[in-house]
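Engineer: Supplied in structure tokens, the structure appears directly below.
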Amino acid sequence: MKNQNSSSKSSVITKPSSSNSTKQSTKTMDNETNQKQIVEEMIISNDNLSMEQNDKEAKQNEIIIYEFHFPVDLCGRLIGRQGVHVDYIRQITQVDLVVRDDAVSYEKQVVALHGRRVDVERAIELIAKRFPSDRYPQVSFSPINKKIILRQRAPECVPIPSSAAQLYLPDGIPTEVLVTSVVSCNHIFVQQILHPSYPELTRLDNSMSVFYHHTEMTPILPRPIQPGVICAAPTQAGWFRALITVYNSNDDMALIKFLDYGGYLYVNAGSLRVLRQDFMIIPFQAAEVYLDNVVPTDNQEDFTPESIELVKPMILGSSFKAIVTGYHYDNTPFIQLTKRHGNTRPVNTDIQKMINSQQPTSMPINATVANTSLSSLPNQFEQSVSDVSTISSTSNSDS
């Protein structure tokens with residue numbers, strides 16, 4: 001009997017207390033919440049890892065141009081006999097390797113690598129392997145300029161120059177200017193030769209000419225081309241910054257305005273190139289102006305070609321003092337020119353007298369930009385005050 005009572009006692013099931021039940025339920029919910037958070041963190045971690053991998057892959061596939069200086073006395077070893085080493089690098093990495101002269105120094109040359117970022121890095125490793133730093137400490141792979149990403153996305157259209165990017169003549173203050181382009185008898189472009197940014201223009205021109213020398217390594221303008229795009233335009237003397245004012249998609253031709261030297265030219269749009277952002281470091285130098293009180297003769301609606309050809313040698317490439325006298329309805333300023341030294345009589349008066357004395361021998365031409373015969377605009381702009389030399393003669397040489 002004692003054993004039976006003992007056995008029955010042990011088989012009794014008691015109801016757990018309400019507090020114990022709540023603790024177990026809470027613990028179960030906490031476990032489920034923790035597991036859910038762990039799963040979510042794993043998903044987020046996997047997504048971040050996937051995005052990082054995609055970003056890394058996209059970065060590796062970026063098309064770049066990487067330039068660095070290289071000692072001229074070692075270029076023979078870099079190139080190899082009959083170019084065998086350069087050909088080897090091109091074949092292994094699929095990178096375009098170009099060795100060219102440096103525009104400033106005769107002691108070094110420029111090595112340009114063009115291709116995917118990952119391939120360019122591989123090419124640099126191959127060159128470094130051939131020129132170990134302990135034996136060739138003079139060899140450095142520091143980039144000349146910031147690496148330029150090409151064709152990763154469509155180049156952004158640069159807006160029409162604002163007041164921050166374009167130099168304008170100050171109101172009411174005589175300013176020393178150089179006449180760099182004559183579009184018509186009263187329509188010219190001038191540069192402010194005493195502006196702090198003016199001395200940097202020659203350096204910019206040289207840098208652009210060196211960079212755009214190999215046009216196959218520079219991207220063309222994306223289509224369709226929109227007016228207002230700033231680009232790099234070729235001439236006989238080099239490459240210069242230009243603004244597209246009109247584009248004809250039927251024959252792929254564009255009317256461009258040179259932003260640093262002035263003048264308008266009609267060129268093949270295929271010759272234009274995307275302008276690098278670091279070539280926008282100085283403001284555009286050419287200010288477009290009208291000569292005040294210079295008008296066609298009474299019996300002419302516009303200036304004759306003969307009159308324009310007479311006025312050009314009188315002012316093109318010469319320096320004057322200019323003062324703004326008013327503004328046209330299109331906001332282009334009217335100016336009065338005087339000689340820098342000596343006689344202060346307005347040059348505008350001499351120009352008008354010359355036009356009045358000129359007997360017209362042919363039909364007048366339209367002086368407006370839109371209808372100007374662009375092929376008849378020689379001597380569009382000059383290089384500098386000390387060396388006034390024509391660098392563009394006809395639209396054919398620029399296309």
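The values are calculated or read from the model by the stated rules, or taken from the named source; none is laboratory data. For clarity, every value in this text was computed on a predicted model and none was experimentally measured. Here the Cβ positions follow ideal geometry from the backbone for every residue, glycine too, while neighbour counts run over all protein chains shown. Just the protein is used for accessible areas: all its heavy atoms, side chains included, with ligands, DNA and RNA removed. Shrake-Rupley method; radii C 1.70, N 1.55, O 1.52, S 1.80 Å.
Engineer: Among the residues of region 320-345, which ones are touching a residue at least 24 places away in the same chain (Cβ under 8 Å), within 31 Å of the chain's Cα centre (by Cα) and open to solvent by 30 Å² or more (accessible area, probe 1.4 Å)?
Structural biologist: HIS328, PHE334
Engineer: Does region 219-252 hold any residues that are open to solvent by 40 Å² or more (accessible area, probe 1.4 Å) and of a type in the set (A, V, I, L, M, F, W, C), and which are they?
Structural biologist: Hits for region 219-252 are ILE220, ALA237, VAL246.
Engineer: Let me ask something additional. State the number of residues belonging to region 232-251 that are outside any strand (DSSP E or B) and over 22 Å from HIS213 (Cα atoms).
Structural biologist: Counting residues in region 232-251 that are outside any strand (DSSP E or B) and over 22 Å from HIS213 (Cα atoms) gives 3.
Engineer: Only residues that are closer than 22 Å to ASN61 by Cα and part of a loop (DSSP other than H, G, I, E, B): list them for region 90-143, please.
Structural biologist: Those that are closer than 22 Å to ASN61 by Cα and part of a loop (DSSP other than H, G, I, E, B): GLN94, VAL95, PHE141, SER142.
Engineer: Give the residues of region 193-210 that are aromatic (Phe, Trp, Tyr) and open to solvent by 70 Å² or more (accessible area, probe 1.4 Å), sorted by residue number.
Structural biologist: none
Engineer: While we're looking at this one, here's another question. Out of region 264-305, which residues are within 23 Å of ASP350 (Cα to Cα), within 31 Å of the chain's Cα centre (by Cα) and of a type outside the set (D, E, K, R)?
Structural biologist: Correct list: ALA287, VAL289, TYR290.
Engineer: I've got another one for you. Report yes if some residue within region 182-205 is within 29 Å of LEU113 (Cβ to Cβ) and either in contact with a Pro (Cβ under 6 Å, 6 or more places away or on another chain) or among the aromatic types (Phe, Trp, Tyr) (or both); otherwise report no.
Structural biologist: No, because not a single residue in region 182-205 is within 29 Å of LEU113 (Cβ to Cβ) and either in contact with a Pro (Cβ under 6 Å, 6 or more places away or on another chain) or among the aromatic types (Phe, Trp, Tyr) (or both).
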